[in-house]
């Protein structure tokens, strides 16, 4: 049983083993929910705050139907199933499904299998400071205050909500009729290059132009390097496979580590890094600030106009930089 506490993270600040409580910032296990906070929001956009809610028993705990006045939430099911509702349409989310919620979109979640697990990525909401911290402090120091429904309504509104709403009649809509839902095997756009398949899950027009979110399937031998100094945060979520990562920590020192299933890779600004796939990896790029979708379209046009040929690596890297993808090297060692 875990209690509310701040836990010092392990020595490698660039890797979070999501299953290891000692790698988390906050861990609680009470009232039927095992909760973990992995990292706090960063930048003026308050992005990359990621946590996980794991529901021990189905149905007993419901995330009420609600909406926010600003900010976005991206939900990824990593285990189990949820009965969900988004803007009045009911559907089921399973492992690998992603739901992206923008302001004023009503949504709710009910776990329907034991130990169902929901990863939640916030942007411009700052859930930790505006809601979680004040709620836990009030529960500890002023018992009974949260029993008052009028106080709960005021608290939600102060945190950027619009008050509690009634869950709509639950219908079983096909997944392809829920615009904000991205099933595990679906991308808004899909691209394939040597050693990598790419599925666009969340587009820039859904994040006020701040970032894109990609689902990447990479073969052994695929590598990518950012051996440069750029003012970007990066966050990658590995769901299966094994890769080798390197990070330059100073002018004379580099560390290596080996992310695998349920690991987060966190790269702060002005930090050169790179990775190589050792065993086929599925990984979410949760914070792609480049116009990667535009670049993929441009590469498609290049192939169409050049008898199916890709540009040389030199031309590819130059083109990538024009679209904000600041890679310095990319390729696949083993695939012909």
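No lab work stands behind these numbers, since they all come straight from the coordinates. Because the structure is a prediction, the values reported are computed rather than measured. Here Cβ is always computed from backbone atoms with ideal geometry, including for glycine, and neighbour counts include all displayed protein chains.
State the extension gain, in nm to one decimal, for the chain segment bounded by residue 104 and residue 254, taking 0.36 nm per residue of separation less the distance between their alpha-carbons. Don't skip to the end; give the middle numbers.
On the way: separation 150, 0.36 × 150 = 54.00 nm, distance 4.48 nm.
Here the segment from residue 104 to residue 254 would lengthen by 49.5 nm.
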For the chain, averaging the sequence separation of alpha carbon pairs under 8 Å that lie six or more residues apart and dividing by its residue count, the contact order in percent is 14 percent
Compute for segment 1-123: radius of gyration divided by Kirkwood radius, i.e. Rg/Rh, restricted to C-alpha atoms, rounded to two decimals. 0.97
Could you state the angle between the C-alpha long axis of helix 149-158 and the longest principal axis of the C-alpha atoms of the chain, as a value from 0 to 90 degrees rounded to the nearest 10? 30 degrees
Cα axis of helix 313-322 to longest principal axis of the chain: angle in degrees, 0 to 90, nearest 10? 40 degrees
Neighbour-count ranking [beta-carbon atoms within 10 angstrom, fewest first] of 246, 226: 246, 226
Where is the GNM fluctuation largest for the chain (alpha-carbon springs, 10 angstrom cutoff): 173, 122, 236? 173
One finds the C-alpha centres of segment 12-90 and segment 258-336 to be spaced, in Å, by 28 Å
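Kindly put 76, 101 in sequence by how many other C-beta atoms sit within 10 Å of each C-beta, fewest to most.
Result, fewest neighbours first: 101, 76.
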Grab the beta carbon distance between residue 302 and residue 56, set R0 = 41 Å, and tell me the FRET efficiency rounded to 0.05. 0.20
Note the full-extension length gain between residue 112 and residue 314 as 0.36 nm times their separation in residues minus their Cα-Cα distance, in nm to one decimal. 67.6 nm
Segment 190-332 shape via C-alpha gyration tensor axes, a/c threshold 1.5: rounded
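With an 8 Å cut-off on Cα pairs and a minimum separation of 6 or more residues, tell me the relative contact order of segment 15-182 in percent.
On the way: 369 pairs, mean separation 42.2, N = 168.
Relative contact order comes out at 25 percent.
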What list do you get for 303, 321 if you sort them by fewest beta carbons within 10 Å? 303, 321
Suppose only helical runs count, i.e. DSSP H with n ≥ 4. What mean residue ellipticity at 222 nm does that imply for the chain under -39500 (n - 2.57) per run, divided by all residues and rounded to the nearest 500 deg cm²/dmol? -4000 deg cm²/dmol
Mean-square fluctuation check for the chain, GNM, Cα pairs under 10 Å: which of 130, 116, 261 is largest? 130
In degrees between 0 and 90, to the nearest 10, how far off the longest principal axis of the chain does helix 292-305 point, with axes built from Cα atoms? 30 degrees
Which FRET efficiency value, to the nearest 0.05, is calculated for residue 139 and residue 66 with the Förster distance at 22 angstrom and r the Cβ-Cβ distance? 0.70
Once fully extended, how much extra length lies between residue 175 and residue 210, figured as 0.36 nm per residue of separation less the alpha-carbon to alpha-carbon distance? 10.0 nm
